[in-house]
Amino acid sequence: MEPEQILDAVRSLDGSLVMAPREGSEAPEIAWGDSFFYFAPNGQPPANAQPYGTIVTKNYPDDTLSHLDGAGRWRVNIHVGATRFRELTGTRPGDPSGVDFAADDVFLPHPVYGSLGWVSVVNPGEATGATVLELLRAAHESARARAFRRTAQ
């Protein structure tokens, strides 16, 4: 699986916004080359919501355990909640003991946000690709439901 396949799938979702800051954009330089997924039917990133998924292509200062600075390495991150997190990783959110965060094509706790119900997959492939797309659709629908609840109040 390539990042563009994931980006195409997310872009096809109703109300989807993929923010992909590039060099020279107003986004912080560290975010250039990465992608952030939102439910945003008006085409503007929501002021009061975090992305429900991301693709990162490099290490961040506080997030180096996946070794993304190597050639061809990237990671998809998805907010799935505690129940699905346990099903996918076999651990509770916040319990990363013994995890090889650099393993390819395996559902792992997110190295930084695992305690908040985020999973990661480094270089998704045959073992995880279809499930990654399913989880992104579900995360998008959850973000949509949250947005509608906020506007109904």
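None of the figures in this text is laboratory data; all of them are computed from the coordinates on show. The shown structure was predicted, so the numbers you read here are calculated from the model rather than taken from an experiment. Here the Cβ positions follow ideal geometry from the backbone for every residue, glycine too, while neighbour counts run over all protein chains shown.
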Under a Gaussian network model of the chain whose springs join Cα atoms within less than 10 Å, the largest fluctuation of Gly81, Gly114, Gly98 belongs to Gly98
Amide H of Lys58: which non-local residues (sequence gap of 5 or more, or other chain) have their own amide H closer than 5 Å, using H built in the peptide plane?
none
Taking every DSSP beta bridge with both residues inside region 3-152, roughly what % is antiparallel (nearest 5)?
95 percent
Computed label-point distance, nm, for sites Glu26 and Ala49 using a 7 Å Cα→Cβ extension
2.0 nm
GluC sites (Glu not before Pro), loop per DSSP, at most 11 other Cβ atoms within 10 Å - longest free stretch of the chain
27-125
Measuring from centroid to centroid over Cα atoms, what is the spacing of region 99-153 and region 1-47 in Å?
15 Å
Once you put a point 7 Å from the Cα of Ala82 and another 7 Å from the Cα of Ala138, both along the Cβ direction, what distance in nm separates them?
1.6 nm
Go ahead and estimate [θ] at 222 nm for the chain from helices alone: -39,500 (n - 2.57) per DSSP H run with n ≥ 4, summed, over the residue count, rounded to 500.
-9000 deg cm²/dmol
Counting other Cβ atoms within 10 Å, keep those with at most 14, restrict to DSSP loop, and tell me which trypsin sites (Lys or Arg not before Pro) in region 1-94 are left.
Arg22
Reciprocal mean inverse distance between Cα atoms of region 57-153 - Kirkwood radius, Å
13.9 Å
To the nearest 0.05, how large is the calculated FRET efficiency for Met19 and Ala127 if R₀ is 30 Å and r is the Cβ-Cβ distance?
0.60
Tally Lys/Arg at +1 and Asp/Glu at -1 over every other residue whose Cβ is under 11 Å from the Cβ of Ala139; what's the total?
+2
Of Asn123, Asn59, Asn77, which has the largest mean-square fluctuation in a 10 Å C-alpha GNM of the chain?
Asn59
Quick one: plug the Kirkwood hydrodynamic radius of region 1-136 (C-alpha pairs) into Stokes-Einstein at 4 °C, 1.567 mPa s, and report D in µm²/s.
85 µm²/s
Rank Gly33, Gly72, Gly24 by mean-square fluctuation in a GNM of the chain with C-alpha springs under 10 angstrom and give only the top-ranked residue.
Gly24
Zone reached by a paramagnetic label modelled 7 Å from Glu4 Cα along Cα→Cβ, restricted to region 22-42 with backbone N below 19 Å, covers 22-23, 33-36
